[in-house]
Amino acid sequence: MGQIVAVYDLMPESTEVDLESIAGSIASVIPKGVQMLESKIMPVAFGLMKVNVGFSIDDTDESVGGDLEKALSSIPGIENVECVSSTLL
């Protein structure tokens, strides 16, 4: 097996959510076998912003992808988590 690089969009519950704080807390919730590569805050529409974050995922554990999505969804202030791209290295 190998490594997967995946990019996720984290959508906030509202425009009042502190996305800088969310971006700073991501590294503390990700499961073993996942490494955060980068994160950035990007515009969506009409003043709404999102956190776009890239991960390197060790695919030897088949459940790590689901564990990652659960961990990201558990962050307070996040309404939706979507994998927008992934590729095998």
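Any read-out appearing in this document is the output of simple, stated calculations on the displayed coordinates, not a laboratory observation. Given the structure is predicted, the values throughout are model-derived calculations rather than measurements. Virtual Cβ from ideal backbone geometry, glycine too; neighbours counted across all protein chains shown.
What do you get for the angle between helix 64-73 and the principal long axis of the chain? Use alpha-carbon atoms, 0 to 90 degrees, nearest ten. Computed tilt is about 10 degrees. The stretch between Lys32 and Glu79 holds 14.6 nm of extra length on full extension. This uses 0.36 nm per residue minus the Cα-Cα distance.
Computed from Cα atoms, the angle from the helix 19-29 axis to the main principal axis of the chain rounds to 20 degrees.
Using C-alpha pairs below 8 Å separated by at least 6 residues, the relative contact order for the chain is 49 percent. Relative to the current alpha-carbon distance between Leu48 and Lys70, full extension at 0.36 nm per residue lengthens the span by 5.6 nm. At q = 0.12, 0.15, 0.18, 0.24 Å⁻¹ the log10 of I(q)/I(0) for the chain amounts to -0.33, -0.51, -0.72, -1.21, computed by Debye summation with a single uniform scatterer per C-alpha, solvent ignored. With both labels modelled 7 Å from their Cα along Cα-to-Cβ, the Ile41 to Ser21 distance reads 1.2 nm.
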